[in-house]
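The values are calculated or read from the model by the stated rules, or taken from the named source; none is laboratory data. What you are looking at is a predicted structure, and each value in this text was computed from that prediction instead of being measured. All Cβ positions, even for glycine, are placed from backbone atoms using ideal geometry, and neighbour counts span all protein chains on display.
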Amino acid sequence: MDSNGALVSRGMFGTWRAGRSDWRLQVLSIFSLSVAFVCLAAALLVVTNVEALRDRWSRAGRATVYLKDGAKEGEVAALMQALSQTGGVSRVRRVTSDEARREVVTNDEALAALPVEAFPGSLEVAFDDSIADEDLKTIALKLRALPAVETVETYERWTERLSSLLGGGVTAAACLALIVLAAVISVVGSTMRLLLQRRKIEVEVLRLVGATNGFVRRPFVLEGATQGALGALFAVMLLGLLFLIVRDRFDQQLANLLGITPSFLPWQVALGMVTLGGLLGAMTAFVSLRKLASV
Amino acid sequence: MAGSSAQSSFRHQALRAGHRYDPSAASRPILVFEDVYKSYRADQPVLRGMSLVIERGEFVFVTGPSGSGKSTLLRLIHRTEQVDDGRILFLGRDVARLPDSAVPALRRNVGVVFQDFRLVPSWSVFDNVAIALEVIGLPQRLVRTRVGEALERVGLAGRGADPARVLSGGEQQRVAVARAIVHEPALILADEPTGNLDPQLAIDVLGLFEDIHETGTTVLFATHDRSLLDVRPRRVVILDEGKATDVPQGLAESDAMLDDDEFEDIDIEAA
């Protein structure tokens, strides 16, 4: 083993030996970091799913063409045929007033009391994913001009609302990231100060025998990195567990309505959080010790 | 002439950049204090223009009353404290002007033993000694061998696995001595190393330092225990009022040769 190798191995050995004797402090620190990271991970999870929902709805390519009460069967049939032959339209389905009523009214007596006219007949039009927004708008505009059509719903405003919600979510996640950053710096910094206090004699002996600042700090920096990474890892695991519990109870009908099933954080994001935790822990420990443990 | 030139060229190639070859370095004193001043409070100077020369391979007692600056003197050499003024040359280099990055290298050339041992109680005897070699980056195989030898020299062979906290005071001080000598430093600083030991153990520990000195190591032994100074005639440096008084032949001989009046101000026994 070369000189540097021996130094590193000693540094790591020192870390683990000290880590064992201070395990309570380490566990508390990791727990605190997990709590901070869970907040960030939860925010990212919400953002991820809202983004998926927005993507799904923005390229949902569907529209509901509400028909006038007096629309004649011939007009409706011609409209259906014209729509089927329009480029970008993948499917057209007729929903009569009765069918609409049956879909909406299940056990709700108040809804059941409503007259049939309250549930207008409609055409559910599905478009290809590749259809451009402009094309969709043009088709909707043309449909609205037809005499048998009352109105056309393209769900564009829902996409806009989701976009707005997503923007808010991203801002909230960014704020949480800053809070988490502050929490990690505070927790790791405090832990380093406590560890340094507990290992005062070790540090004193190391200086006595001519250890460099790097040699003294290395175990602490490794501990900071480990705490940060483990804190983030436990946060991701805890959130994953909660996600599995919630997903199992997630209403299938709601999923169908929304058009997505909730998904967990992508593995790249999870890995990024663990890496971020490790880096933040290491950097905070390094900076804290720069002030506290100089020769 | 040509041969001399070639030899000179070889020497220069073998040296690191920025380091000039100096053949007289080996004959220079190991430690030189030049007009050293140190005070912790402006109105209470500890050292006031102290000058002193320690030659290579010497065993020197540093004595004086409490607060006379014995520990300060050793701490200045070890760069745990900084001089206010003056120079301390260790192996020809001014300790006070060393950059912070060079301080670890200085400390690796100096072994230190304190009254309170400064061991890590939770570490084993082996770990407490080995750390002095591990900071240098010595391979573990060599560390094991040299720690074993050092423990044998201090009479603790086979005790490497014991936790330091279970050892007696005398044994702990032996571990501290082993740590100080394991990396074969040029100079050993002992700051009241027998202060916590009973008289017989104190003499044993002194014997240990004398054995180390026999191998050519320079030893600076700070104590206020007069009985130790009389064990063998050694050079004694008496610190008082911020100045050093050199007694080359030891106090016992000086007491016989000089009038009592000359040492009446230095009440070492009372200190």
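Summary of values
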{"item": "Of the criteria (1) crowded, with 18+ Cβ neighbours inside 10 Å; (2) among the hydrophobic types (A, V, I, L, M, F, W, C); (3) at the interface with another protein chain (Cβ under 10 Å from one of its Cβ atoms), which one B:VAL95 fails", "result": "(3)"}
{"item": "Residue within the range A:42-50 that is farther than 30 Å from A:ILE131 by Cα and either in contact with a helix residue (DSSP H, G or I) (Cβ under 7 Å, 6 or more places away or on another chain) or at pLDDT 85 or above (or both) present", "result": "yes"}
{"item": "Selection status of B:ARG179, touching a residue at least 12 places away in the same chain (Cβ under 8 Å), part of a helix (DSSP H, G or I), exposed (fewer than 15 other Cβ atoms within 10 Å of the Cβ) and out of contact with any Lys or Arg (no Cβ under 7 Å at 6 or more places or on another chain)", "result": "no"}
{"item": "The one condition in (1) within 14 Å of chain B (Cβ to nearest Cβ); (2) under 17 Å from A:VAL47 (Cα atoms) that A:VAL246 fails to fulfil", "result": "(1)"}
{"item": "Residues of the range B:204-225 satisfying the condition of being part of a helix (DSSP H, G or I) and surrounded by 15 or more Cβ atoms within 10 Å (Cβ to Cβ)", "result": "B:ASP204, B:VAL205, B:LEU206, B:LEU208, B:PHE209, B:GLU210, B:ILE212, B:HIS213"}
{"item": "Boolean, B:GLY195 is surrounded by fewer than 18 Cβ atoms within 10 Å (Cβ to Cβ) and under 21 Å from the mean Cα position of the chain (by Cα)", "result": "yes"}
{"item": "Selected residue [over 30 Å from B:ARG28 (Cβ atoms), of a type in the set (Gly, Ala, Ser), away from every other protein chain (no Cβ under 14 Å) and touching a residue at least 60 places away in the same chain (Cβ under 8 Å)] from B:GLY195, B:GLY158", "result": "B:GLY195"}
{"item": "Criterion violated by B:ASP204 - all others in (1) farther than 26 Å from B:PHE33 by Cα; (2) modelled with pLDDT of 90 or more; (3) charged (D, E, K, R) satisfied", "result": "(2)"}
{"item": "Extreme residue, farthest from the other protein chains (Cβ to nearest Cβ), among residues of the range B:103-117 that are outside any helix (DSSP H, G or I) and crowded, with 18+ Cβ neighbours inside 10 Å", "result": "B:GLN115"}
{"item": "Matching residues in the range A:180-214 - criterion: being in contact with a strand residue (DSSP E or B) (Cβ under 9 Å, 6 or more places away or on another chain) and more than 10 Å from chain B (Cβ to nearest Cβ)", "result": "none"}
{"item": "So B:LEU189, is it touching a residue at least 40 places away in the same chain (Cβ under 8 Å) and either in contact with a strand residue (DSSP E or B) (Cβ under 6 Å, 6 or more places away or on another chain) or buried (at least 22 other Cβ atoms within 10 Å of the Cβ) (or both)", "result": "yes"}
{"item": "Filtered residue count, the range B:118-137, keeping only those that are within 8 Å of chain A (Cβ to nearest Cβ), buried (at least 22 other Cβ atoms within 10 Å of the Cβ) and either within 14 Å of B:GLY160 (Cα to Cα) or hydrophobic (A, V, I, L, M, F, W, C) (or both)", "result": "5"}
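This table checks each residue for (1) surrounded by 13 or more Cβ atoms within 10 Å (Cβ to Cβ); (2) in the same structural domain as A:VAL38 (by TED's automatic domain parsing).
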{"residue": "A:SER130", "(1), (2)": "no, no"}
{"residue": "A:LEU165", "(1), (2)": "yes, yes"}
{"residue": "A:CYS175", "(1), (2)": "no, yes"}
{"residue": "A:ILE185", "(1), (2)": "yes, yes"}
{"residue": "A:GLY189", "(1), (2)": "yes, yes"}
{"residue": "A:ILE201", "(1), (2)": "yes, yes"}
